[in-house]
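Asks: Next up is a structure, given as structure tokens.
The values are calculated or read from the model by the stated rules, or taken from the named source; none is laboratory data. Not measured: the values here are computed from a predicted model. Backbone-built Cβ (ideal geometry, glycine too); neighbour counts: all protein chains shown. Keep in mind that these areas ignore ligands, DNA and RNA; they rest on the heavy atoms of the full protein, side chains included. Shrake-Rupley method; radii C 1.70, N 1.55, O 1.52, S 1.80 Å.
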Amino acid sequence: MSDRFDVVSEAAIRDGTATDAYFLRTETTLEATGKNPNVVAEVTADQFPTGEFELLAGVKDAAHLLEGLPVDVDAMEEGRLFDGGPVFTIEGRYLDFARYETSLLGFLSHASGMATNALETRLAAPDSTVLSFGARHVHPSIAAVVERSALVAGLDGISHVAAGEMLGVDASGTMPHALLICFGNGNQEGAWRAFDDAVGDDVPRVALCDTFSDEKDEVLRAAEALGDSLDSVRIDTTSSRRGNFRHILRELRWELDSRGFEDVGIFASGGLGPDELRELRDAADGFGVGSHISNADPVDFALDIVEVDGEPVAKRGKLSGKKQAYRTADGGHHVGLARHDAEGEPLLQPLLRDGELVREFAVADAARRAGDDAAAVGFED
Ligand code: PCP
């Protein structure tokens with residue numbers, strides 16, 4: 001356990017002490033009485049389909065959590081949409097995995113909630129560049145979870161450097177308002193030019209143009225100052241000054257075009273979500289989206305035992321028996337007992353066999369699946 005920051009260590013997650021105390025007391029009780037049944041346990045949000053699909057993420061971390069335990073696990077792939085029924089099934093002796101429930105649900109719930117909101121964001125502006133800007137809203141220890149969830153949903157890039165190093169992605173982003181303020185009001189040109197002189201050629205020249213004066217004024221000054229070097233302008237107009245943001249962006253496009261700066265892109269950020277992207281997508285070339293993704297509600301997953309020693313059993317409100325979920329030919333989501341045949345593509349596939357990982361994880365593949373599945377089920381943006 002770290003004593004400088006409130007971060008539960010990876011070692012505690014792996015050894016299962018990153019858990020709720022009642023699981024350890026359950027272990028004590030079962031061990032004292034010699035009970036350790038063979039169970040099937042399923043991770044489920046809604047028992048029955050509701051018509052509301054959500055995007056699964058966090059499976060990589062969940063797999064690594066249970067890797068090495070004497071259990072078999074089936075799971076949907078990351079980047080699949082689900083609507084009721086299990087997304088993750090564990091079979092084994094209960095004592096072999098009981099203590100991991102807390103971390104397992106946390107991995108799946110948080111990442112899937114953010115990925116779902118990220119997919120809504122992606123689909124709201126399918127032809128625009130959309131970057132994840134929300135790492136600043138969460139504890140830094142989970143920045144890579146935010147960024148990976150955004151990428152699973154098909155966003156084009158991320159802003160967080162350390163997360164990017166973990167994920168093998170170069171972090172995007174050019175300048176905060178702080179850079180402009182360091183150069184002072186009236187010397188925005190100094191900041192933009194210094195940036196152009198200082199940073200590597202691989203960094204796009206995106207000038208932030210809303211710090212001290214009107215957006216139109218700053219955009220045209222940035223275009224004059226950097227000339228052909230300028231790739232884009234970023235407009236992050238603070239909410240108290242925003243008025244009609246769509247009008248502002250269209251006005252900027254007009255003024256840039258009329259002065260020969262047709263190639264300068266317009267990038268917008270600040271408090272944007274799917275509704276705003278739908279409204280602005282033809283008025284800007286790209287967007288930075290933070291809180292709508294990073295502050296998403298976690299999916300309300302629970303882990304429930306549904307079979308004990310081969311017999312169906314479940315607590316009140318939950319459906320007993322090991323299940324399978326299917327993508328039907330018409331894009332529907334069907335949940336049935338695993339031992340019964342059903343039409344459609346079975347979505348729960350082997351993840352671990354006797355603790356051994358039998359699947360690879362590639363974010364790009366997950367993003368492709370998310371796009372395909374969204375089209376198949378008619379996921380609403
Ligand atoms: C942008 C904006 C939000 C950041 C992005 C996240 O930052 O002001 O705070 O977007 P969100 O609103 O969708 O969560 P900058 O313009 O770089 O902020 P700063 O004023 O710190 O320079």
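Asks: Helix-only mean residue ellipticity at 222 nm, the chain, DSSP H runs n ≥ 4 weighted -39,500 (n - 2.57), per residue, nearest 500. What is it? Numbers along the way, then the final one.
Replies: Numbers: 14 runs with 142 residues, N = 381.
About -11000 deg cm²/dmol.
Asks: Loop sites only, by DSSP: take the GluC sites (Glu not before Pro) in the chain that have at most 15 other C-beta atoms within 10 Å and name the longest stretch containing none of them.
Replies: Values: sites that count: E52, E67, E262, E343, E360, E380.
Longest gap between qualifying sites, sites excluded: 68-261.
Asks: I would also like to ask the following. With bins 5 Å wide starting at 0, give me the P(r) of region 125-294 over every alpha carbon pair, in whole percents.
Replies: Reading upward from the zero bin: 1, 9, 18, 20, 21, 17, 10, 4, 0, 0.
Asks: Give the accessible area for Y326 in Å² (nearest 10); use a 1.4 Å probe, count only protein heavy atoms, and leave out ligands, DNA and RNA.
Replies: Looks like 10 Å² after rounding.
Asks: Out of the DSSP beta bridges found with both residues in the chain, what percent are antiparallel (nearest 5)?
Replies: Numbers: 33 of 49 bridges.
Taking every DSSP beta bridge with both residues in the chain, the antiparallel ones total about 65 percent.
Asks: How large is ³J(HN,Hα) for each residue in region 4-14, as worked out from phi by the Karplus curve 6.51 cos²θ - 1.76 cosθ + 1.60 (θ = phi - 60°), to whole Hz, x for Gly and Pro?
Replies: Result, ordered by residue: 8, 10, 7, 10, 6, 6, 4, 4, 5, 5, 5 Hz.
Asks: Place a +1 charge on the Cβ of each Lys and Arg in the chain and a -1 charge on the Cβ of each Asp and Glu, then give the dipole magnitude about the Cα centre in debye, rounded to the nearest 20.
Replies: Details: 35 positive and 69 negative charges, 167 e Å.
In debye, rounded to 20, the chain gives about 800.
Asks: Let me know the volume per residue of the alpha-carbon convex hull for the chain, in Å³. Provide the component values of the computation, followed by the final result.
Replies: Details: hull volume 59.6 nm³, N = 381.
So the per-residue hull volume is 156 Å³.
Asks: 5 Å is the cut-off here: which amide hydrogens, built 1.01 Å from N in the peptide plane, fall below it relative to L351, excluding neighbours closer than 5 in sequence?
Replies: Distant-sequence amide H within range of L351: V73, D74, A75.
Asks: Pick out, from G85, F212, V169, the residue whose Cα sits farthest towards the positive end of the charge dipole of the chain, with +1 on the Cβ of Lys and Arg and -1 on the Cβ of Asp and Glu.
Replies: G85
Asks: I need the trypsin sites (Lys or Arg not before Pro) found in region 336-381, filtered to DSSP loop residues with at most 11 other beta carbons within 10 Å of theirs.
Replies: Details: sites: R339, R353, R359, R368, R369; in loops: R339, R359.
Taking region 336-381 and a limit of 11 other Cβ atoms within 10 Å, the loop trypsin sites (Lys or Arg not before Pro) found are R339.
Asks: Can I ask one more? Taking all protein chains in place and a 1.4 Å probe, what share, in percent, of the accessible surface of region 141-239 do carbon and sulfur account for? Write out the running numbers ahead of the final one.
Replies: Details: 2140 of 4400 Å².
Reported share for carbon and sulfur atoms: 49 percent.
Asks: Turning to a different aspect of this structure: State the percent of C-alpha pairs, over all pairs in region 109-167, separated by a distance greater than 14 angstrom.
Replies: On the way: 804 of 1711 pairs.
That tail contains 47 percent of the Cα-Cα pairs.
Asks: Shifting gears a bit: Solvent-accessible area per residue for region 215-365 at a 1.4 Å probe radius, Å²?
Replies: Using a 1.4 Å probe on heavy atoms only, each residue of region 215-365 averages 52 Å².
Asks: What is the calculated FRET efficiency for D217 to E360, with r their C-beta to C-beta distance and R₀ = 35 Å, to the nearest 0.05? If you can, show how the numbers build up before the last one.
Replies: Details: r = 52 Å, r/R0 = 1.47.
For D217 and E360, the calculated efficiency is 0.10.
Asks: So between E251 and D341, what do we pick up on full extension, going 0.36 nm a residue minus the alpha carbon distance?
Replies: 26.5 nm
Asks: Another one. What list of ³J(HN,Hα) values in whole Hz, one per residue of region 280-297 in order, does the Karplus curve 6.51 cos²θ - 1.76 cosθ + 1.60 (θ = phi - 60°) give from phi, with Gly and Pro shown as x?
Replies: My calculation for region 280-297 gives 10, 5, 8, 10, 9, 8, x, 9, x, 10, x, 4, 4, 8, 5, 9, 4, 5 Hz in order.
Asks: From the backbone phi of region 121-134, what are the Karplus-calculated ³J(HN,Hα) couplings (6.51 cos²θ - 1.76 cosθ + 1.60, θ = phi - 60°) in whole Hz, Gly and Pro given as x?
Replies: Running phi through 6.51 cos²θ - 1.76 cosθ + 1.60 with θ = phi - 60° gives 5, 4, 6, 6, 9, x, 9, 9, 6, 10, 10, 8, 10, x Hz.
Asks: Compute, for region 125-294, the length of the dipole vector about the Cα centre, with Cβ point charges of +1 (Lys, Arg) and -1 (Asp, Glu) only. Units Debye, rounded to 20. Could the numbers behind the result be given before it?
Replies: Numbers: 15 positive and 29 negative charges, 129 e Å.
Roughly 620 debye for region 125-294.
Asks: Using a/c under 1.5 as the rounded threshold, could you call region 45-147 rounded, prolate or oblate? The axes a ≥ b ≥ c are square roots of the C-alpha gyration tensor eigenvalues, and prolate needs a/b larger than b/c, oblate otherwise.
Replies: Values: a/c = 2.59, a/b = 1.52, b/c = 1.70.
Verdict is oblate for region 45-147.
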